[in-house]
Every structure is written in C-alpha cells, then in structure tokens.
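This report concerns only the one structure given below.
The values are calculated or read from the model by the stated rules, or taken from the named source; none is laboratory data. What you see is a predicted model, and the numbers here were worked out from it, not measured in a lab. Quick reminder, even Gly has a Cβ in these numbers, built from the backbone with ideal geometry, and neighbours come from all protein chains shown. We work out accessible area using only protein heavy atoms, side chains counted, and drop any ligands, DNA or RNA first. Shrake-Rupley method; radii C 1.70, N 1.55, O 1.52, S 1.80 Å.
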Amino acid sequence: MRSRLGLRGRLALSVVGAVAIALVLLIGAFNIVLGDRLSHEADNALFARASAALSSLRVAGGRVSAPEVPDAGARDAQAWVFAGGRALERPPGDPATARAARHMSRGPRRTRDLAHTRLYAVPVIAGGRRLGAVVAAVSLRPYDETGQTALIASVALGAGLLLVVAIGAGLLITGALRPVARMTAQAEAWSEADTGRRFGLGPPRDELTHLAATLDRLLDRVAASLRHEQRFSAELSHELRSPLSSVIAEAQLALRHAQSVDQYRAGAERLLASAQHMRRTLDTLVASARLEHEHPPGAADAAAAAHAAARGCEGRAAERGLKVTVTEPETPLRIGVDADVAERVIAPLLENACRYGRERVTVAVEQREGTAVFVVDDDGPGVPAGDRERVFEPGWRGNGNGHAAGAGLGGAGLGGAGLGLPLARRLARAAGGEVSHDDGARFTVSLPLG
C-alpha cells in the first residue's frame with residue numbers, strides 16, 4: 001500500500017496522523033480536566049448547601065430543631081435534617097433518594113453518588129453526643145450535560161481541524177514537491193537528449209536549491225568521468241595504432257618472404273621496440289587515470305628519476321651518437337610523486353630530444369619557487385614560437401621539414417601518433433605539476449616537492 005500511495009500521499013498521511021494523535025491527546029486531556037472541574041463545582045455547591053442547612057439548626061436541651069432550611073423546595077439543592085431516626089425536614093424527591101439519605105444519616109461524614117444525584121451527609125454533634133445529621137443533595141444532570149456538550153463540541157472541532165489540516169497538508173506538500181517532480185522530468189529528458197544541461201538554480205538558498213546544486217555537481221562529475229573515459233579510449237586507440245600496425249607489418253613480412261638471420265633479428269628488434277612502446281603508452285595512460293581519480297601519495301629523488309628517464313633513451317642516443325647529460329642539483333631534491341610517474345613525464349621529452357638533437361641532450365634538475373623543475377634541452381632545430389602550444393595537442397605532428405618538428409612532435413616523431421607530449425602534460429597535471437615549452441628545443445617539467 002505504501003508503494004501505491006507515493007511520496008506525497010505518505011507525507012500527507014504522516015502529517016495527518018501526527019495531528020490526529022495530537023488532537024486526540026488534547027481533546028482527551030481537555031475533557032478530563034473539564035470533568036474534574038465540574039465535579040469539583042458540584043462538590044462546592046453540595047458543601048455550601050450542607051453548610052447553609054447546618055447554620056439554620058438550633059440545638060437546645062440536647063434536642064435539634066430546624067426552623068427553616070434554605071431552598072428546601074428546590075429540586076436541584078435538597079437537604080434533609082434528621083434528629084435521631086426522625087426526619088425533621090424532608091424535601092420532595094423520589095423514594096430511592098430519601099432512603100439513601102436516611103441510610104447516610106446514621107453514618108459518618110461522607111458523599112455518595114446515586115443515579116444523577118450526589119448526597120453529602122454531615123453529623124450534628126453537641127457536647128460530644130450525636131444528635132442527628134444533615135444530608136444535602138445536588139443534581140448532577142446540569143454538570144453531566146455540560147460535560148457531554150463540551151465533549152461533542154471538542155470532538156467536532158477536532159474533526160474539523162483535522163479535515164482542514166489534511167486539505168492544507170495535501171496542498172502544501174503538492175506545492176513543495178512540484179519542483180522536485182519538475183526536476184525529475186528534466187533529468188529524465190536530459191538523460192536521453194542532452195547530458196550537458198544543468199538545473200542552474202544558483203547558490204543554495206533552501207533544501208530544493210541545495211538539492212539542485214548537489215545534482216548539478218554530481219552531473220558535472222559524471223560528465224567529467226565520461227569525458228575522461230572517452231579521452232582515455234581515444235588516446236589509447238590512437239597511440240597504439242602505429243606500433244600495432246608495425247607489429248602486424250613485421251609479422252606479415254616475416255611470414256611471406258624468406259629472410260636471413262640478420263633480417264629476422266632486425267625484424268624481431270623492431271617488434272620488440274613497438275611492443276615496448278605500447279607498454280609504455282599503456283603504463284602512462286593507466287598512471288594518468290589513476291592519478292586523476294585517486295591522487296595517491298608518493299615521493300622520490302628528482303635526480304634519480306631524471307637518470308632513469310635518461311637510461312631509457314640510451315639506445316636511441318647511441319644510434320645517433322648523442323651525449324645525454326643529467327645535471328643534478330647541489331642538494332638532494334625530493335619530489336612528491338612516485339619515481340615511475342616522474343620518469344614517464346620526462347621520458348617523452350627526452351625521446352624527442354634524442355630524435356632531433358644533433359650532438360647533445362641535457363637534463364637539468366633544479367628547484368624553483370617551491371617546485372622541482374626538469375629542463376630538457378637539445379641542440380636540434382627546435383619548435384617555432386607559433387607552435388609552442390600545438391605540440392601538446394593530441395595527434396599534431398608538425399610539418400615534417402625538420403624545423404617545425406624539433407622536439408615538439410608529441411613523442412612520436414614524423415609518422416608517429418603524436419601523443420607523447422600530450423600524455424606527458426596530462427600525467428604531470430594529474431600529479432599536480434606542468435609541462436611547458438620554453439623556447440626552441442627547451443621544455444620544462446615542474447613537479448611538486450615531496
């Protein structure tokens with residue numbers, strides 16, 4: 001049943017139920033207090049009647065006489081006067097009430113309810129002797145009728161209030177939930193047509209605007225995750241296409257044509273180089289994704305990370321007769337990322353420098369303004385000033401004339417995938433650092449200190 005009622009029905013039912021319980025308690029307490037008050041008023045009237053009757057009695061010579069009993073003929077305020085067992089005053093009334101009054105005249109001071117009448121007996125004592133008694137009576141009908149009228153009126157008033165509360169609660173809850181229903185419909189429409197839309201209700205002012213702001217932030221995170229996933233997939237596909245094509249081509253060539261041992265060896269070396277390139281690419285992309293989402297802590301020696309990256313380029317440097325030099329800082333410098341992360345950031349810049357440098361490649365490690373800086377430079381043609389930022393665009397390869405390419409071909413060189421520098425910058429930014437092109441063939445990597 002709760003599922004059929006819906007949120008609005010459950011809220012309205014909860015409000016009405018709480019108000020109903022409160023009204024029942026209030027009405028019950030009111031009628032209990034009123035009943036007690038009416039009973040007290042009846043007792044006061046009864047005691048006043050008995051006192052008036054006692055004050056009118058005369059005691060002389062051990063005898064009690066009753067010249068006059070005030071209001072003796074009133075049916076709602078009767079009083080009996082007894083001397084011994086004889087009734088001196090006997091107001092009109094039904095026989096059952098008279099018998100009860102005679103019975104009470106022989107006992108102690110007490111009260112008794114009989115049907116719709118309350119009796120009160122007071123002994124008359126003089127000189128230590130009991131000479132008689134006064135029994136007063138008062139009708140309870142007016143008090144009972146007042147109590148019943150108050151009960152009916154309070155129940156009717158409570159029912160009316162409950163009805164008003166039910167209608168008001170329904171209207172208020174419907175109005176309060178209308179923006180939520182509208183937001184739900186908008187979210188459903190956006191999920192099918194436009195995932196970039198937002199509620200945009202401004203700074204949180206109340207619960208609904210706070211909910212909208214929270215949902216906007218959640219949608220932003222979801223959209224960012226989707227963009228990261230799409231970029232990750234695109235970069236992975238783009239970067240692996242070239243080495244995978246090389247692997248396939250080498251394998252097909254080896255299968256179709258008879259080759260010498262040296263040719264097979266050269267082909268195997270090219271296969272190994274392509275496989276290593278794919279592995280480095282996968283490691284870099286995975287490390288970047290991990291840093292962007294988890295931000296794991298780490299620490300390493302800056303000079304050791306630079307030497308590790310330089311060792312990875314020894315083969316290419318030896319082929320081209322280049323000298324790779326690492327300049328260490330005067331004092332040990334710690335960086336706030338893992339050594340493998342720093343190595344993956346520096347390696348694409350060194351690979352480009354080894355590809356286009358003429359005689360030398362240098363890596364200078366230093367500290368600037370609270371960050372660890374790696375300056376990678378070579379004596380190649382460098383990158384024109386107009387292409388400083390384009391080298392960090394995925395897929396951009398330069399013009400291939402040996403001048404615009406320089407160190408800025410994105411780590412792939414002419415004919416490469418053009419993702420080395422974009423991946424290096426992305427990984428550095430995920431670690432809290434940056435990769436930038438200074439001038440010519442000089443690139444700078446900045447990473448946080450450990």
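Some points to look at:
- Separation of the stretch 137-175 and the stretch 23-46, taken as the distance between their Cα centroids, equals 16 angstrom.
- Simple spin-label estimate for Ala268 and Ala224 gives 4.9 nm between the two label positions (7 Å along the Cα-to-Cβ direction from each Cα).
- Full-extension gain in nm, Ala166 to Asp379, via 0.36 nm per residue minus C-alpha separation: 68.2 nm
- Per-residue extension of 0.36 nm, minus the Cα-Cα distance of Ser14 and Asp340, leaves a gain of 111.4 nm for this segment.
- In the complete set of protein chains, residue-level accessible area for Glu319 is approximately 150 Å², probe 1.4 angstrom.
- Expressed as a whole percent, the accessible area of the stretch 103-197 that falls on carbon and sulfur atoms is 61 (1.4 Å probe).
- Cα convex hull, the stretch 109-169: 97 Å³ per residue, rounded to a whole number.
- Taking 7 Å steps out from each Cα toward its Cβ at Ala29 and Val180 produces label points 3.1 nm apart.
- Estimated dipole of the stretch 9-142 in Debye, rounded to 20 [Cβ of Lys and Arg +1, of Asp and Glu -1, Cα centre]: 600 debye
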